[in-house]
Amino acid sequence: MSKLSTKHLLGIKELTADDIHLILSTAESFKEVINRPIKKVPSLRDITIANLFFENSTRTKLSFELAEKRLSADVVNFSSSSSSVKKGETLIDTVNNILAMKVDMVVMRHPNPGAAVFLSKHIDAKIINAGDGAHEHPTQALLDAFSIKEKLGSIRGKKIVIVGDVLHSRVALSNIFCLLKLGAEVMVCGPTTLIPKYISSLGVKVEHNLRKALEWCDVANMLRIQLERQEIKYFPSIREYTMLFGLNKQLLDSLSKKIVIMHPGPINRGVEITSDVADSDQSIILEQVENGVAVRMAVLFLLAGRA
């Protein structure tokens, strides 16, 4: 198979296992490209891509922009904080104005779940969801899967625990869909208040004891506490959360086996993970960042129909 079954990348839920395998194998070729002395290929030379970020983002935005430029695409950047959205312009108006400039693809991050799906129904360009509210973040899940495969050789049969603020995390949901489609076992771990009630219906295990979860897993993906999405207090204090669900070197070293540590970033050092864990040889956090560019190049390339 050399073609995706979908026209857009709106979420992992819409992808087949074959789609995911195709993206990951294409990303392997692009990883080789970005490690060459000349890191550019002319694959998307005549394609124009608009990056629409209605929500703050540093890493995802930079990663997409770098991926687009490595593929020689023309790039238009749009940030809502300095745009007419502040003056009351609607999402459709904004996008139609950008499409009038003859844009082929739109990479969009939006605070509302379903914004990318809504857009895909109203405009002709290919849409890539770069995060919609607490719903999905498909390229993060793909780069996480790529990083696990690269480190452990395969994903099928591996045990992965996602620790922390699962309730507000689009990364967690996309990761669960992606890992299950690739044959992994998935567990979530965190305070009861931060684990969604429906989560076990997705086919994942639930654990509230961090040590037990870490002893079970091959890979621990440590999520950031998303204070900006929390209108109420979900736990008594950051200090208490860190005592119960923070990963430090002492705990990591006391486990009966070596596990792989991941984090989608940005890291709250000293909260969900200490610096000596983040910077340890068991951590693949920097590899995740590098792999993000290769995976996003693969997604852009395949959606543009260049495979």
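The numbers here are math on the coordinates, done by the rules we state, and not lab data. Just so it is clear, the structure is predicted and the values come from calculations on it, not from any experiment. Because the Cβ atoms are built from the backbone with ideal geometry, glycine has one as well, and the counts that use them run over all protein chains shown.
Dipole orientation for the chain: of the candidates 41, 242, 105, 41 has the Cα lying most toward the positive pole (charges on Cβ; Lys, Arg +1; Asp, Glu -1). A protection proxy built from the mean count of other Cβ atoms within 10 Å ranks the segments 274-282, 63-71, 142-150, most packed first, as 142-150, 63-71, 274-282.
Across the chain, the mean sequence separation of Cα contacts (distance under 8 Å, 6 or more residues apart), normalised by length, yields a relative contact order of 21 percent.
Per DSSP helix of 4 or more residues, -39500 (n - 2.57); summed, then divided by the residues of the chain. What does that give at 222 nm, rounded to the nearest 500? Don't jump to the answer; show the numbers that get you there.
Working: 11 runs with 115 residues, N = 307.
Calculated at 222 nm, the ellipticity per residue is -11000 deg cm²/dmol.
With a threshold of 31 Å on the Cα-Cα distance, the over-threshold entries among 40/121; 31/212; 212/233 are 40/121; 31/212. For segment 226-291, trypsin sites (Lys or Arg not before Pro) are listed when DSSP marks them as loop and at most 15 other Cβ atoms sit within 10 Å of their Cβ; the list is 233, 257, 258. The stretch between residue 25 and residue 58, if pulled fully straight at 0.36 nm per residue, gains 9.2 nm over its current Cα-Cα span. When the Cα atoms of the chain are aligned to their principal axes, the ranges along those axes come out at 57, 43, 35 Å in descending order.
May I ask for the Rg/Rh ratio of segment 159-259, computed from Cα atoms with Rh as the Kirkwood radius, given to two decimals?
Working: Rg = 13.2 Å, Rh = 13.9 Å.
Computed over Cα atoms, the ratio is 0.95.
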